[in-house]
Each structure stands twice: as structure tokens, then as C-alpha cells.
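Note sheet for the following structure.
The values are calculated or read from the model by the stated rules, or taken from the named source; none is laboratory data. No experiment lies behind these values; they were computed from the predicted model shown. Cβ atoms come from the backbone with ideal geometry, glycine included; neighbour counts cover every protein chain shown.
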Amino acid sequence: MFQFDHSELLFLLSVIPLIVLLNWFSNKRRKKLLQDFGDLEIIEQLMPDRSKSRPVVKLILFLSALFFFILGLAGPQFGTKMRETKRKGVEIIIALDVSNSMLAEDIQPNRLERAKQSISKLVDQLRNDKIGLIVFAGEAFTQLPITTDYVSAKMFLSNITPNIVSVPGTAIGSAINLATKSFTPEGKSDKAIIIITDGENHEDDAVGAATSAREKGIFVHTIGIGLPKGAPIPIESGKNQKNYLKDNEGNVVISKLNEVLLQQIATAGSGIYIRATNTQIGLNTIFDEISKMNKTEYKAKRYSEYEDQFQWPIGIAILLLIIEMLVLERRTKLFHKIHLFQVKK
């Protein structure tokens, strides 16, 4: 396969026909001036060193060098290299709460966005570990199957919004159960689930799900995002207005962090609980704990890799420029007496 890393620079190739056109006009004007001055045959005899072909050769060499130089600037990349690498790491699945309560702004800019920023930074630290993403509200869904493709992980992460799960609520237990089933089958490396939520569970037995996961050899960690005193939940409103979610009696709903439940889930899953703040979410602390887990060697999926080959067209361009400089526009003394097409009298 073939591609250009900076294909936008290929528009510079349009300069080449422009140079050819300008050269044609210049030669035409020069010839007209000579005709105005006198007979061309007599004038040519007065300039025995002048060569008609060498300027054309020099122009072709220069334009060819320019062509290859522009190709080099565009960054040609050739081939697809397929590799199968062996890696040694653990498997991590992050279950992110996307319920409406995660829009509360007690953690800036809001709970959900702050969690996404922290997960993105965690992905940047990963080297050989596998990662998966699960989103949940009233139901849980796999956003990204477990993978070593960190670029895809960040791409899928950026697309997460509260609208991604249509069922309202917070089903932490469902998220844990789905994560338990989402690890690599028969994988021997240690596994960990990280739950990021405000802990307002209204749907199922999250502690029981964590206990079941631990019995399968999976550690369950929790991060409580939000403040115990809580905050109102913003809802869509008109321009320059900010409204908040209200209950049936017209009172503003305050979403509070449920630390007790999240501590119980972490204890049942032999994990740790971290309370997030505006300055630190806590993923780094949990990642340090995960780094101590047993790592197992596995074969990573094949991936494609383009190799930069800009040095070849640049090298050709330099060589052509050197040749162009060595070619003189006038004939040398060696050819003064050579007249291949002279008619004998």
C-alpha cells in the first residue's frame, strides 16, 4: 500500500507546468528579439559556443529534481508491514457511569467529562495491557471490546455522552456482570474492573455482582466521582439559561455521592475505593495497584505500519540538481571543431 503523510503539499506540483510555460514564453521572446536584431543564421555563427540542446536538458533536470523534491516533502509512505508481537500485561475493563447524574458540576467541568479526561490520561500510560470500555445507566453496554488498540480506545471514549444509553437509572451490578463476561476467554493474566460512578445505584445488587466477579479471580475497584454534599443536575434549556432537574413536587434534585455503597463494592471485589476530587480522579492510584498484578505473555493482534520513504525522492532530487549544475549551457572547447550537420561545399 502507498500513501502520503502530507498529501496537501502535492499542490506544489502545479508549479512545474507554470515554469515550463514561462520558459516557453521566455524563449519565444528571445528568438523574436534576435530576429529583430538580424538574420538568425548569421547571429548563430557569431555565437559558436551556444548550444540549443543543453538549456533544454538543464531545464528537464531541474524540473525532475523539483518533482522529486516535492514528492519527498509530501512524505511518501510505502507498504504495509504486518507484525505479530508478544506482550506481557493485565486486562482492564473500565465501566463508566453515563447516567444524567454524571452531568452534575460539583466536579469540574462535570463528573462525566472529568472522568473521560482521566481515562484518556490513563490510556496514554498503557503499554502492554489490554483495555475495554463499558458504559452504563439503567442498562450496561460494551462501548469497546477488550483490546490493545489504544488509539481506538481514545476515539470511542471521546464519543461517550449520556445519550449513549437510553434507559435511565444506574445499574452498577449489570455493568460488573457484563465486564466479567467481557475479558479474554481462558486468559491467564490477572483481570481488573474499574467502576467510575457517583454510586447512586437504583437497579440491582452491585455488591453481589462484585462478590461473584472476585470468585472468578477478577478484582473490582471503584472510584466515587462527586461530592458527598451533592449538586443539582443540569438539563437542556434555552439560550443563556441554565435549568436543573426537578422531582414531581417541583424541587431541584440533588445528586449525592454514595461512598458507602462504593466502599462495599470495592471490599467485595478485593479492590480499593478512591474518592475523586477536582484535582485528582484517582485512576493513577488504582493503576499503580493494578501494575502489581501478575502479568501474562500473550500474542497481540496484527497491526499495519507505514514506513517513511521520503529519503529516496529527496536523494534523487539532490542527484539531479548536481547533474544539472555540471551540465554547462555552452559547448566546451572539446566540441568546437565538431560539426555533425555541417554541409561540405
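Does segment 206-229 include one or more residues that are basic (K, R), within 21 Å of R111 (Cα to Cα) and surrounded by fewer than 19 Cβ atoms within 10 Å (Cβ to Cβ)?
yes
Do we have any residue at all in segment 67-86 that's loosely packed, with under 14 Cβ neighbours inside 10 Å, at pLDDT 75 or above and either under 30 Å from I194 (Cα atoms) or more than 34 Å from the chain's Cα centre (by Cα) (or both)? Reasoning before the result, please.
Step one: of segment 67-86, the residues loosely packed, with under 14 Cβ neighbours inside 10 Å are 78-86.
Retained after the next criterion (residues that are at pLDDT 75 or above): none.
No, segment 67-86 contains no residue that is loosely packed, with under 14 Cβ neighbours inside 10 Å, at pLDDT 75 or above and either under 30 Å from I194 (Cα atoms) or more than 34 Å from the chain's Cα centre (by Cα) (or both).
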List the number of the failed condition for M155; all other conditions in (1) exposed (fewer than 14 other Cβ atoms within 10 Å of the Cβ); (2) part of a loop (DSSP other than H, G, I, E, B) hold. (2)
Taking the criterion of being under 25 Å from E139 (Cβ atoms), of a type in the set (A, V, I, L, M), assigned to a loop (DSSP other than H, G, I, E, B) and out of contact with any Asp or Glu (no Cβ under 8 Å at 6 or more places or on another chain), would at least one residue in segment 232-247 satisfy it? yes
Residue among G250, G217, G269 that is within 19 Å of A95 (Cα to Cα), modelled with pLDDT under 95 and assigned by TED's automatic domain parsing to the domain that holds A137: G217
Criterion first (modelled with pLDDT under 90 and assigned to a helix (DSSP H, G or I)) does N294 satisfy it? no
Within segment 242-256, restricting attention to residues that are touching a helix residue (DSSP H, G or I) at 6+ places or on another chain (Cβ under 9 Å) and aliphatic (A, V, I, L, M), which residue is nearest to G226 (Cα to Cα)? V253
Between a first residue in segment 179-195 that is touching a residue at least 40 places away in the same chain (Cβ under 8 Å) and assigned to a strand (DSSP E or B) and a second residue that is surrounded by fewer than 20 Cβ atoms within 10 Å (Cβ to Cβ) and hydroxyl-bearing (S, T, Y), which pairs have beta carbons less than 9 Å apart while being 6 or more apart in sequence or on different chains? K191/T184
Would you check which residues across segment 14-41 are surrounded by 10 or more Cβ atoms within 10 Å (Cβ to Cβ), at pLDDT 90 or above and among the polar types (S, T, N, Q) and list them? none
Please go through segment 186-203 and pick out each residue that is of a type outside the set (A, V, I, L, M, F, W, C) and either at pLDDT 85 or above or not assigned by TED's automatic domain parsing to the domain that holds N128 (or both). D190, K191, T197, D198, G199
Unique match (being hydrophobic (A, V, I, L, M, F, W, C) and in contact (Cβ under 8 Å) with a residue 60 or more places away in the chain) among I164, I134, I218, I146: I164
Filtering segment 163-195 down to residues that are surrounded by fewer than 18 Cβ atoms within 10 Å (Cβ to Cβ) and touching a Lys or Arg at 6+ places or on another chain (Cβ under 9 Å), which residue is farthest from G89 (Cα to Cα)? T184
Modelled with pLDDT of 90 or more and assigned by TED's automatic domain parsing to the domain that holds I172: does that describe A276? no
I'd like to verify a number: residues in segment 191-204 that are over 17 Å from S101 (Cα atoms) and more than 28 Å from the chain's Cα centre (by Cα), how many? 1
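Could you list, in sequence order, all residues of segment 96-128 that are assigned to a loop (DSSP other than H, G, I, E, B) and more than 14 Å from S152 (Cα to Cα)?
Listed by number, the residues that qualify are V98, S99, A104, E105, D106, I107, Q108, P109, N110, R127, N128.
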Please specify each residue of segment 99-139 satisfying the condition of being surrounded by 24 or more Cβ atoms within 10 Å (Cβ to Cβ), of a type in the set (A, V, I, L, M) and more than 23 Å from the chain's Cα centre (by Cα). M102, A104, A137
